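Structure, as structure tokens:
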Amino acid sequence: MDFEKLKQSVEKIELPEEMRARIVQNCKTKLFLETEETTMKQIWSKKRILAASAIGLILCLTVGVSAAETAGFFRDVHNWTGAVVGTQYEQATEEITASAVASKTELTVIVTFVQPDIFPYRSFEEFGIDRYQIADASGDIVAEGTRTELSELSDGKAEVKIPLNQLSGGTYRLTITSFVGASKADQPLPISGTWLCDFTVE
């Protein structure tokens, strides 16, 4: 079809003014609706981008806070007058692993630093257990104690000994709530957290 001829034919059509106004109005309304639809799509697209960004930010903050919550930190120790009398390292559960093997007379706790090259672990020459409890299979506490003998560290590992006072045969759980690290130059540093080790006495 010849477009020019069609255009000339259409131009010759005479329309009443009211009909012409209605057609123009309908065309404007359609154009407005299409523009509005495009605008709304753009707005929703921007909202989706903003929502995705906000979710990403929240996830980053959550991961950051979780990491901060599991990382150890130093805290001053105060006496009853409020004076600083020492320092301790807290929340170190994820930074140290512990396992236990029992004989008739003693419990050997194998302690390993997850990252032996970071502070404070790299400064220690000796390591020991500061506070512990031993519970039987029923959950009853059968032994507890404070600072053990310090053991030498080698490659971020130490074997700490806990004497056993004639425990009867069975399964037990050792709960350590504090270790202690020491070097010749510094005061011993208590390290708090929670470490659970199950062991069996034959």
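Just so you know, all these numbers are worked out from the coordinates, no wet-lab data involved. Remember, it's a predicted structure, so these values are computed and weren't measured experimentally. Virtual Cβ from ideal backbone geometry, glycine too; neighbours counted across all protein chains shown.
At most 15 other Cβ atoms within 10 Å and a DSSP loop assignment: could you name the GluC sites (Glu not before Pro) in segment 124-165 that fit? Provide the component values of the computation, followed by the final result.
Details: sites: 125, 126, 144, 149, 152, 159; in loops: 125, 149.
Passing sites in segment 124-165 are 125, 149.
Compute the signed sum of charges (Lys and Arg +1, Asp and Glu -1) over the other residues within less than 9 Å, Cβ to Cβ, of residue 191.
Numbers: positive: none; negative: 90, 95, 130.
So the surrounding residues net to -3.
Determine ³J(HN,Hα), in whole Hz, for all residues of segment 106-112 in sequence, where each value follows from phi through the Karplus function 6.51 cos²θ - 1.76 cosθ + 1.60 and θ = phi - 60°; x replaces Gly and Pro.
For segment 106-112, the Karplus-derived couplings read 8, 10, 9, 9, 8, 10, 10 Hz, x marking Gly and Pro.
Using 0.36 nm per residue, how much length does the chain from residue 194 to residue 154 gain when fully extended, once their Cα-Cα distance is taken away?
Values: separation 40, 0.36 × 40 = 14.40 nm, distance 2.27 nm.
Length gained between residue 194 and residue 154: 12.1 nm.
Can you find, among 85, 189, 134, the residue sitting farthest towards the positive end of the charge dipole of segment 84-201, where Lys and Arg contribute +1 and Asp and Glu -1 at Cβ?
Projecting each Cα onto the dipole axis, the largest value belongs to 134.
Between residue 103 and residue 90, what is the label-point separation in nm under the 7 Å Cα-to-beta-carbon projection?
3.9 nm
Divide the volume of the convex hull of the Cα atoms of segment 66-165 by its number of residues and quote the answer in cubic angstrom per residue.
On the way: hull volume 15.4 nm³, N = 100.
Cα convex hull per residue, to the nearest whole number: 154 Å³.
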